[in-house]
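Notes to accompany the following structure.
The values are calculated or read from the model by the stated rules, or taken from the named source; none is laboratory data. Because the structure is predicted, anything quoted here is derived from the model rather than measured. Cβ atoms come from the backbone with ideal geometry, glycine included; neighbour counts cover every protein chain shown. With ligands, DNA and RNA removed, areas are computed over all heavy atoms of the protein, side chains included. Shrake-Rupley method; radii C 1.70, N 1.55, O 1.52, S 1.80 Å.
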Amino acid sequence: MAENPASVSEDTLKAVIGKAKLEELLAKTHQGRKPTPRPSNAELIKRLQDIQTDAFRDRQNQQERQMYVMKSAYPPSMTPINRLRTVRMSDLTLETHHRGKLLVVRIIGDAVRHLGVHSIAQDAAGDVGQICLHFQDPHASSGLVLPYDALFAIKEPYYHVADGDNYCIRVDHPTDILQLPFNSALVPSQLYKAIHGPARDAVRWKEVGTTAFDKKDFGKAIGAWTAGLEVCSDRDIYLRAGLLHNLALARICSGLHEAARGNALSAILPDDSAPRADGRGAAELNSKSYFHAGLASYHLRDFVQARAQHEQALSLVDTNTKMAEQIRVELDRINVRLRESTGVYNFTQMSASASTEKFRLDHADFTSKVSVQVSKGRGRGLFATQRIAPGDLVLVEKAFCAASQAEIDGNRTSVVNANTGNVAGGSQTPLLFRTLQTLVNNPQRAARLLELHDGGYSPRHPTQSPDGVPAVDVFRVQCILKLNTFASNKLCTSDFPNGDARDIGLSAVWITASYINHACVANVVQAFFGDVMVIRATKTIDRGDEILMPYCTPDPDHHTNQAKHFGVWQFECNCGLCIAESTLSRKQYDTRRKFIQAVDTFVQTHPLKELTHDKIATAVSEAEQLYSQMIATYPEADFKNMPRLGLVELSQWLCLSYSTMRGSGMAAGNLVEAAIRILRNLGYIITRTGSTVHVDRSDCLLDSRGVWGAMHATRACFVQNDRSGYDQYRLLAKELYLTSYGEMREFEKMFADA
């Protein structure tokens, strides 16, 4: 899980929140009043120019941070649009959420972006005002968010005082504003005529949409074709089907896949439909409609439906046509996804396909081994539906939404929630914007995200879909992301071993994985390949066992761990290791802390590459003495099989020392013992009966040092000509490597001498 980034200093955060609260107090002094005088169109144009100048200045000033401030939380509109009463701009009062009201406006300014998308809106009476949409897709141009001449309905508008004497209609929740078709019944005739003049028929609307589509103005195309449908006669089945087919294509291009699939399926004509005037029948249009429905289903990750729809499309075209070939290519891609959904992946190929520019990968989920159930004392959790062996796949999941730090310059951009004091920086900022856009574009997917834990967000309201679309509360979504986001600094976990890691600063939300509860001593670990998470078992998981993973790398200091758990996720861990640690007295903790500091100092002052063999031998003696003193801080009664994290770094140093001295008379048995100590201190209990090596993983805590411990044991067995030990330790090393890194690409290269 992602931790709260420290990209904003405590003093800066306090200053920003303090300023936001002061601005709110000052703004409330205007509450209920009407602005006097109202700004003119010329004044608003000048204001937009000033905003654009500020945006340019901030882009030039690389040291200046951009901070999106979330002020007092308020719920989104829950009232269906047809139950809201239309008002005009002159009816609005400042610092008021106009509950039960609807404002319909036309955009008459060129939109600009600076901590929101700003433009000028005009109502049916000709009154004008500034409109500002916050938390919009950072990659969408301002002109696409608020297109010139577009018509919008603003539900329960909030008239906000900004910067003392500037007024704007502020929209925080993305579902509080809806773009209207040109001929919507909600659009006053004055606004319609101002844009389009006389009414048009369906054919003319189709032409307007086609012109817009050719210019890649998909929003205008969707509006025109939707208007065409409103006036199209039911008897003109081919014109209606063509408009629906075009709408499906435009919505696929806009990422509106749920609506696109509905349009494509609605465009399908009965097989016995009379042919068109040119003699062509329904099959040609139907094949394209099934094809576009299949594309939309693919993007919605409904691969079974995608295959059925593509197969239906293929049955309606000649086998030797270009269209047939295109459908077969898509079917091949779908079949790969369906195989992946059974757990069959090529992870090496997956890793190779990822890049810092292309980290959103095209792969299916594998979730058949797990299910969400009630977890006693933890709310909900993820549980195994079958027995899973160590190293086996538990879950593979593509992110619901992912973002990298490079998007909108995550180093300089943060979202500050003045309600909670939480700051989201780095890639968590674009993740919030992208998640909101995903929820709006494909609202039926919103339900899964909104079911995740929100930390008791208040003011809480039931999830409702007043206009067939789940109302999206931006404040609650930010709380959900804070508690359910995973982060990876590197593009692929498997990059780490060879030192060729590709930096990305990824943040993402994986919905199924988000149900996994924490334990320091867990039973799974995760690896990342771009926005695909791969989870494997670290020990045997029986059917019905809860899946548990460490949310962060456990620290050797127990109090540091618990402070982090509570500070970020609001819980204290009660896993076996934390229970064992809690039995120690303050004096025992203080003693161990001193030893941990001594180990850190020792390792830093004794770099093996700079020591001669004689000096290594002396240092080893000193390290063994420190080790024997420190082990006493882990009482056997409490830590019998538990990890002893404070000893791992020193045991690794000793193992590397024995490996270095192996050629100077040092017995290989010392190296085996040292390697086993690394594994023991990570909770792997190694015993040997005759030629058989037994590994008890019950309380293991896997990290990369365990891989190296197993490989050092492998090398020592090779030197001793212990073939049985060699084979078994090498098999263990492969298991730990695969579990830790997700794939075996670099294993043989790294351990060629073993």
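Per-structure values
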quantity: Estimated D of the stretch 539-581 in µm² per second, where Rh is the Kirkwood radius over Cα pairs and Stokes-Einstein applies at 4 °C, 1.567 mPa s; calculated: 111
quantity: Fraction of alpha-carbon pairs over 25 Å apart in the stretch 331-471 - percent; calculated: 48
quantity: Heavy atoms of residue 340 accessible to a 1.4 Å probe, total area in Å² rounded to 10; calculated: 10
quantity: Relative contact order (percent, whole number), the chain, Cα cutoff 8 Å, 6+ residue spacing; calculated: 11
quantity: Solvent-accessible area, 1.4 Å probe, carbon plus sulfur percent, for the chain; calculated: 50
quantity: Per-residue SASA entry for residue 254, accessible area with 1.4 Å probe, Å² rounded to 10; calculated: 40
quantity: Cα-based helix-to-principal-axis angle, 282-299 vs the chain, degrees rounded to 10; calculated: 40
quantity: Alpha carbon centroid spacing (whole Å) that separates the stretch 75-96 from the stretch 259-322; calculated: 41
quantity: Size of the stretch 595-681 as Cα extents on the principal axes (Å, biggest first); calculated: 39, 27, 16
quantity: Debye intensity ratio in log₁₀ form over the Cα atoms of the chain, taken at each q of 0.08 Å⁻¹; calculated: -0.79
quantity: Efficiency of FRET between residue 353 and residue 186 - r from beta-carbon atoms, R0 60 angstrom, step 0.05; calculated: 0.80
quantity: Cα long-axis angle, helix 41-60 against the chain (0 to 90 degrees, to the nearest 10); calculated: 20
quantity: Residue 696 accessible area, assembled protein chains, probe 1.4 Å, Å²; calculated: 60
quantity: q = 0.14, 0.25 Å⁻¹: log10 I(q)/I(0) that the Debye formula gives for the stretch 267-346, counting C-alpha atoms only; calculated: -0.49, -1.13
quantity: Tilt relative to the chain, helix 10-28 - C-alpha long axis, 0 to 90 degrees, to 10; calculated: 20
quantity: Equivalent ellipsoid dimensions for the stretch 349-421 as semi-axes, Å, which come from the Cα gyration tensor, largest first; calculated: 31, 24, 9
quantity: nm² value of the averaged projected area, convex hull over the Cα atoms of the stretch 92-192; calculated: 6.2
quantity: Three-way shape call for the stretch 540-676 based on the alpha-carbon gyration tensor, with the a/c threshold at 1.5; calculated: prolate
quantity: Listed residue pairs exceeding 30 Å between alpha carbons, taken from 28/220; 369/749; 376/539; 215/482; 19/220; calculated: 28/220; 369/749; 215/482; 19/220
quantity: The chain, accessible area per residue, ligands and nucleic acids excluded (1.4 Å, Å²); calculated: 43
